[in-house]
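Accompanying notes for the structure given below.
The values are calculated or read from the model by the stated rules, or taken from the named source; none is laboratory data. All figures in this text were calculated on a predicted structure; none of them were measured in a lab. Cβ atoms come from the backbone with ideal geometry, glycine included; neighbour counts cover every protein chain shown.
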Amino acid sequence: MKATARAFTNIALIKYWGKRNESLFLPMNSSLSITLDKFYTTTSVQFCECLTKDVVFLNHSLMDEKETRKITSFLDRLREISGKRVNAIVNTMNKVPISAGLASSASGFAALAAAAAKAMNLNLDKKGLSQLARQGSGSACRSIYGGYVEWQRGEMEDGTDSYASPIMDGQDWNLSILSVILSSEPKKVSSRDGMKRTVESSPFYSNWVAEAEKDLQTAKNAISKRDFEMLGKVVEANALKMHATTLGADPPFMYWQGTTYHVMQKVQELRQSGIQAYFTIDAGPNVKILCQPEDEQYIRKEMLDLPFVQDVHLCHPGPGVTYLSNSKY
Ligand code: DP6
């Protein structure tokens, strides 16, 4: 009853922002992402009758109680499905440095879902794994697949039609994503709390849902045509719309810092000078830039030249979840 899996982080081009069911992690809108090739989580899960509770290690240290509770309630879902009341020892290695400005919950729950399902002998296909990973962290359902991935919100109240599926292989269109690091401090409002507050109180939220669905169609159209300008424009506009909803929340909040705005302006200046670059921003101050491989080094240097930029990580489309032999872990 042991298995080991590895999953990579993803960056949303069309954002998931808001849940219609919090316990099942059912989103208000569909979303679209690229799974990245740089940052990943490797997790090994072993179920054993000998354990009286779940024991979780993160990077070789015992995880704190609050974080362990999240893993335990996720494993409870598996125990429910399998009918086996057995605890687990979980070993997680995160190769997603906090300073990478990318969420580790996506790769974390994708790897955990895959490893735990196999260790439980659940025989889930990728669709099943995606549904399971979603219930740990919404964005994790997209990290089951590599390349360009869509998460359909679904209509059913039990969540059976809310899962991710691949729309194009990363090798079919190699784009570059630069993660521009401005701050590595923990954010004040988590994405989970931020989206909840926005759904509950922002008067702009209902418009977000309608806009996100339109933006998703435009992005899918751009991807199928490999139209970079069309994709970049809708990606940037979608991120701005998501962040606009937070300004209307009660109490209002924003994820940007002054330097976030400087980088956004710099990207717009680059475009005026003829370089195709577009930004997107998640629930934090760091900026991700979408560009084409021929421009990646130039843009990277322009960003590193800004005095307030701490680092720039260069990523490309990466693979979906994979199993590793337990001995490799
Ligand atoms: C802004 O997946 O971290 O990155 O489902 O509550 O765990 P939970 O939220 P999470 O939210 C990600 C929000 C986002 C946009 C996105 O990745 O689509």
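Can you find even one residue in the range 28-37 that is farther than 23 Å from GLY154 by Cβ, in contact with a strand residue (DSSP E or B) (Cβ under 7 Å, 6 or more places away or on another chain), away from the ligand (no atom under 16 Å from the Cβ) and aliphatic (A, V, I, L, M)?
Filtering the range 28-37 down to residues farther than 23 Å from GLY154 by Cβ leaves 36-37.
Still in the running and in contact with a strand residue (DSSP E or B) (Cβ under 7 Å, 6 or more places away or on another chain): 36-37.
Now narrow it down to the ones that are away from the ligand (no atom under 16 Å from the Cβ): 37.
In the following step, the residues that additionally are aliphatic (A, V, I, L, M) were identified as none.
Within the range 28-37, not a single residue is farther than 23 Å from GLY154 by Cβ, in contact with a strand residue (DSSP E or B) (Cβ under 7 Å, 6 or more places away or on another chain), away from the ligand (no atom under 16 Å from the Cβ) and aliphatic (A, V, I, L, M).
Does ALA222 satisfy the criteria of being in contact with a Lys or Arg (Cβ under 6 Å, 6 or more places away or on another chain) and either outside any helix (DSSP H, G or I) or touching a residue at least 12 places away in the same chain (Cβ under 8 Å) (or both)?
Values: in contact with a Lys or Arg (Cβ under 6 Å, 6 or more places away or on another chain): no; either outside any helix (DSSP H, G or I) or touching a residue at least 12 places away in the same chain (Cβ under 8 Å) (or both): yes.
When the stated conditions are applied, ALA222 does not pass them.
Could you say which residue among SER143, SER176, SER184 is more than 16 Å from the ligand (Cβ to nearest atom) and either touching a His at 6+ places or on another chain (Cβ under 9 Å) or closer than 27 Å to ALA115 by Cβ (or both)?
Exactly one residue qualifies, and that residue is SER176.
Among the residues of the range 153-163, is there at least one that is modelled with pLDDT of 95 or more and either under 21 Å from TYR40 (Cα atoms) or not assigned by TED's automatic domain parsing to the domain that holds ASN21 (or both)?
Yes, the range 153-163 has at least one match.
Exactly one of these conditions fails for THR42: (1) surrounded by fewer than 18 Cβ atoms within 10 Å (Cβ to Cβ); (2) of a type in the set (S, T, N, Q); (3) in a strand (DSSP E or B). Give me its number.
All conditions are met except number (1).
Any idea which of GLU65, GLU49 is more than 30 Å from GLY147 (Cα to Cα), in contact (Cβ under 8 Å) with a residue 24 or more places away in the chain and loosely packed, with under 14 Cβ neighbours inside 10 Å?
The match here is GLU49.
The rows are residues; the columns are (1) more than 16 Å from the ligand (Cβ to nearest atom); (2) out of contact with any Ser or Thr (no Cβ under 8 Å at 6 or more places or on another chain); (3) at pLDDT 95 or above.
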| site | (1), (2), (3) |
| --- | --- |
| SER190 | no, yes, no |
| ALA210 | yes, yes, yes |
| ALA219 | no, yes, yes |
| GLU236 | no, no, yes |
| ALA239 | no, no, yes |
| THR245 | no, no, yes |
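Please determine whether any residue of the range 235-242 is surrounded by 16 or more Cβ atoms within 10 Å (Cβ to Cβ), without any contact (Cβ under 8 Å) to a residue 40 or more places away in the chain and over 21 Å from GLU213 (Cα atoms).
no
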